[in-house]
Structure formats: structure tokens, C-alpha cells
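Student: Below are the C-alpha cells for one structure; questions will follow.
The values are calculated or read from the model by the stated rules, or taken from the named source; none is laboratory data. Given the structure is predicted, the values throughout are model-derived calculations rather than measurements. Don't worry about glycine lacking a Cβ; one is built from the backbone with ideal geometry, like all the others, and counts go over all protein chains shown. Side chains are part of the model used for accessible areas, which takes the heavy atoms of the whole protein and leaves out ligands, DNA and RNA. Shrake-Rupley method; radii C 1.70, N 1.55, O 1.52, S 1.80 Å.
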Amino acid sequence: MSATSVTRKRGKPVSGAGEAVAASKRRRKTDSAGARGKAKGGVKMNEEISSDSDNESMTLRKTEEEAEELEETAQEKKLRLAKLYLEQLKQQEEEKAEVRAFEEDQVAGRLKEDVLEQRGRLQKSVAKEIQAPTLADIRVLRGHQLSITCLVITPDDSAVFSAAKDCTIIKWSMESGRRLHVIPRAKKGAEGQPPGHSSHILCMAISSDGKYLASGDRSKLILIWEAESCRHLCTFTGHRDAVSGLAFRKGTHQLYSTSHDRSVKVWNVAENSYVETLFGHQDAVAALDALSRECCVTAGGRDGTVRVWKIPEESQLVFYGHQGSIDCVQLINEEHMVSGADDGSVALWGLSKKRPLALQREAHGLRGELGLEQPFWVSSVAALLNTDLVATGSHSSCVRLWQCGEGFRKLDHLFDIPLIGFINSLKFSSTGDFLVAGVGQEHRLGRWWRIKEARNSLCVIPLRRVPVSPAAGS
């Protein structure tokens with residue numbers, strides 16, 4: 001067969017079954033092409049659908065993540081608040097621990113102070129903190145007609161009792177400065193009159209609980225009063241001369257008294273009874289003081305001695321150092337004391353030595369014409385209990401404040417407080433916030449001369465404190 005015929009055969013249209021077969025083939029091709037097209041189109045559609053689902057899932061994931069983030073923020077907030085609460089608890093515990101440590105330190109400090117106080121070695125440093133007051137700061141309370149001879153301050157510092165040569169006792173309010181009560185002079189020989197003193201009152205004492213007040217006079221009498229109401233309770237007799245010194249033993253109602261009869265007597269005020277008498281001084285005793293130990297100290301006047309009386313042993317320690325009459329004495333703590341004499345000297349004593357630890361001569365200077373100078377008498381002394389602060393009085397127109405050196409071996413002058421007249425009595429308040437001076441125109445023990453410019457009065461001197469840095473203090 002020729003090529004032409006083959007060509008024709010191929011190019012000839014197919015009829016009958018051949019055509020059907022061809023048509024079928026064409027349909028199959030078309031179907032397969034369509035199927036392929038559908039398949040391709042299906043893939044595209046599937047791809048588009050899967051893209052939409054991805055977006056939805058991403059949105060869901062984002063929403064879930066945001067929700068999770070929101071949940072985490074709430075949890076974080078709870079966690080933060082919990083941490084903050086724990087930090088606050090920790091801070092509170094630390095503060096409590098600091099407070100406990102501070103309290104323990106305070107307790108330890110107080111225990112140490114108590115031990116030192118019992119041993120008589122406590123010496124708090126306060127003198128350098130005291131500021132000198134001005135004249136305007138001083139309160140003057142007037143009510144006595146004659147020279148004030150003695151005073152006492154109640155344990156709570158709310159009131160002061162003053163007594164004078166006019167034989168009266170006045171109770172003053174420290175807050176208002178008003179007279180709360182007056183115990184008038186008693187007339188000698190008059191019957192049916194209220195009890196009182198009929199001669200110069202030389203000394204007073206108040207019990208540490210503020211219950212009893214004792215007063216002694218030139219008529220050899222000791223009168224016991226109820227301090228709150230100033231009601232007379234009883235009278236002690238037994239001294240054979242003027243009662244010149246009184247002191248209650250701290251924490252008890254045991255009363256010590258001394259007199260110009262050279263004796264020291266012991267009384268029990270609560271039981272209204274006499275206990276015993278001790279002798280030893282060679283001249284009239286001028287003053288007496290006591291703290292919590294069962295002993296007292298006395299200033300022996302012209303016999304030139306300071307004596308410590310041990311009551312249970314009925315023994316005494318004798319101290320020498322002043323050249324003149326020792327007119328005043330006060331305990332600083334259980335082991336140390338300060339005294340003043342009419343030779344112008346002020347002495348610091350320790351119970352372990354018979355001579356002064358420190359002696360300040362001419363403590364208030366000199367008076368008189370050139371070549372005939374005489375020292376100003378030291379008529380009163382006061383010490384702020386268990387500290388280094390001491391005050392002395394004279395008729396040199398001032399009260400002088402002093403600082404005791406370490407171990408009470410030195411006496412340094414701090415400043416003067418101007419007051420005209422005889423400073424017959426000085427007392428610090430228990431807190432050290434003020435000093436009270438009893439001022440008179442005459443000396444408490446006599447009438448050697450008179451200062452006319454003076455006013456018989458009670459002077460309340462405020463003592464303000466300014467903390468001193470260690471560098472400044474050194």
C-alpha cells in the first residue's frame with residue numbers, strides 16, 4: 001500500500017462503530033481532561049478552603065493566646081500580690097524582730113543599769129545636755145513670809161512642799177504654780193487648834209510612794225502628815241535638840257532623823273514606832289540623806305566629818321576632807337555622795353575611800369575686801385540621782401551646776417543660774433526636767449546676816465536638754 005492511501009485512510013472520516021469508538025475515546029479524553037481539570041480545580045478549591053481554615057484557626061489560636069495571656073496576667077497579678085503580701089509579712093517580721101531586739105537591748109540596758117545602781121556605780125551622762133535657762137524661764141512662787149529652809153518634791157513631780165522659818169508648810173502644784181494646801185503655824189500653848197509647827201521648820205522628807213510627809217523643827221518634834229491631804233497623822237518625840245535632817249529609806253516607810261543633839265534615830269512610820277538611836281558625831285549634825293540601802297549619810301557640821309551609818313550593824317564610816325562646818329550632804333548613788341561646807345568647798349566622796357575623790361575649793365568664789373576675802377558658804381547641794389549632774393547653792397547670787405567626771409574624780413563647772421539670796425535648799429525632779437530652789441533672806445540655820453534684796457520664794461528652774469553628739473561631747 002502506498003503512502004498516499006495510508007494517508008487517506010488516516011485522514012478519512014471514521015463511520016459507524018469506529019465513529020462511536022472515536023467518540024467514546026474523545027469523551028473519555030474529555031472526561032479525563034475534565035477530571036484532570038476538576039482535579040486541578042479541586043486542588044485549588046481545597047487549597048483556598050484550607051487557607052480559610054488556617055485563618056480561622058489562626059484567629060482562634062490568637063483568641064486563645066489572648067485569653068491565655070489574659071489568664072496569665074490575672075495569675076501574674078495574683079502572684080505579684082502574693083509576693084507583695086509575703087514581702088509585707090517579711091518586712092513586718094523584720095520590724096518586729098528589730099523591735100524585739102531593741103526591747104531586748106533596752107531590757108539588757110535596764111538590767112545593767114539596775115545592777116550598776118545596786119552596786120552604786122551607775123553614772124548616766126546628762127550634764128552636757130543641759131541648757132542654761134534664761135531669767136524669763138524661771139517661775140517664782142511666793143507665799144512664805146520668812147526664809148524658806150527646806151523643800152521636797154513628790155515622787156511623781158506633780159507637787160512641791162516648802163517649809164520656812166515662819167513655821168508654815170505650803171503644798172504647790174507644779175503645773176499651775178498655785179497653792180494646793182497650807183499647814184499654818186501652831187500657837188504655843190493654845191488648845192483645840194489644828195496641829196502644826198510652832199518654831200522654825202529645818203527639814204522635810206517624803207516617802208518614795210508619796211504617802212507620808214515628815215517635817216522636823218527647832219522644838220525637837222517630828223510631825224508625820226498624809227501627803228495627799230496634808231492631814232496630821234502622828235508626832236515623834238525623842239530628840240533632845242533641834243531636828244535638822246530627815247530622810248525616808250527608799251521603797252519603805254522607815255524614817256531616819258538627825259539632830260543638833262548629835263544622834264541619828266530610826267523610826268517606823270507605818271507602825272508609828274521608834275526603832276533605835278545611833279551616836280557618833282562630836283557636834284551638832286546639820287543634814288542627812290538616804291537611798292534604798294539600810295544606811296544613811298550625815299553631815300557633821302563643826303566636827304568636820306561626813307558619816308555613813310550602817311543601821312543593822314550599828315556601825316559607821318567616817319570621812320574627812322572639809323576644813324569648815326559641813327552643812328549639807330546628798331547621795332548621788334548608793335556608793336557616792338556630794339557635800340558642801342562653809343569653807344566654800346564642795347566634795348565628791350566614794351564609800352571605799354575616807355578622803356574626797358574630788359574637792360572643789362572656793363566653789364562659789366570669794367567675797368569681802370581685798371586682802372580680807374572669805375569664800376561664799378555652800379549652803380545647799382543637790383544631785384540628780386545616778387547621773388553626773390550636781391547643783392550647789394550659796395548666797396553668791398547664783399546656783400551653780402556641775403558635771404562630775406568619770407568615776408566622780410573631777411568636778412567641772414557648767415554654768416550659773418542667777419538667783420539673789422541664800423539658796424537654803426535644792427532639789428532635782430525625778431526626771432531631771434526641773435530644779436527647785438528654796439530662797440531666803442537668811443541662812444536656814446541662823447541669822448548671821450540678811451540679804452534685803454532677796455525675796456523669800458520658791459524658784460522653779462526648767463532644765464531643757466539638747467542631745468550632744470559624741471564628737472561634741474568628747
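Student: Got a sec? What order do 320, 212 fall in by accessible area at 1.4 Å, biggest, i.e. largest, first?
Tutor: 320, 212
Student: Can you tell me the relative contact order of the stretch 333-406? Whole percent, Cα pairs under 8 Å, sequence separation 6 or more.
Tutor: 24
Student: Quick one: 3J(HN,Hα) in Hz for the stretch 233-247, Karplus 6.51/-1.76/1.60 with θ = phi - 60°, rounded, Gly and Pro as x.
Tutor: Values, residue by residue: 9, 6, 10, 9, 10, x, 6, 9, 8, 3, 7, 10, x, 9, 7 Hz.
Student: A follow-up question, please. For the stretch 200-208, in order, what is each residue's ³J(HN,Hα) by Karplus, 6.51 cos²θ - 1.76 cosθ + 1.60 with θ = phi - 60°, in whole Hz (x at glycine and Pro)?
Tutor: Each residue's phi maps through the Karplus curve to give 3, 8, 9, 7, 9, 8, 10, 5, 5 Hz.
Student: Taking the Cα centre of each part, how many Å lie between the stretch 302-325 and the stretch 193-256?
Tutor: Taking the Cα centre of each part, the stretch 302-325 and the stretch 193-256 sit 23 Å apart.
Student: Can you order the peptides 298-307, 93-102 by their average number of other Cβ atoms within 10 Å per residue, highest first?
Tutor: The packing order, highest mean first, is 298-307, 93-102.
Student: Hey, can you grab everything whose amide H is under 5 Å from the amide H of residue 212? Only 5+ residues off in sequence or another chain; H modelled, so Pro and N-termini drop out.
Tutor: 207, 227
Student: Quick one: compute the contact order of the stretch 185-277, relative version, from alpha carbon pairs under 8 angstrom and 6+ residues apart, as a percent.
Tutor: For the stretch 185-277, the relative contact order is 19 percent.
Student: Highest mean first, what order results for 242-254, 371-383, 261-273, 447-459 on Cβ atoms within 10 Å?
Tutor: Ranking the peptides 242-254, 371-383, 261-273, 447-459 by packing returns 242-254, 371-383, 261-273, 447-459.
Student: Kindly provide log₁₀ I(q)/I(0) values, in the same order as q = 0.14, 0.27 Å⁻¹, from the Debye equation applied to equal alpha-carbon scatterers of the stretch 218-290.
Tutor: Listed by q, the Debye log ratios stand at -0.41, -1.36.
Student: Next question, about the same structure. What percent does the relative contact order of the stretch 301-454 come to when contacts are Cα pairs within less than 8 Å and at least six residues apart?
Tutor: Relative contact order of the stretch 301-454: 14 percent.
Student: Within the accessible area of the stretch 406-459, what % is carbon and sulfur when the probe is 1.4 Å and the other protein chains stay in place?
Tutor: 47
Student: Further question: What part of the accessible area of the stretch 184-319, given as a whole %, is carbon or sulfur when the probe is 1.4 angstrom?
Tutor: The C+S portion of the solvent-accessible surface of the stretch 184-319 is 45 percent.
Student: Also: Loop-only GluC sites (Glu not before Pro) in the stretch 177-244, please: DSSP not H, G, I, E or B, and at most 12 other Cβ atoms within 10 Å.
Tutor: 191
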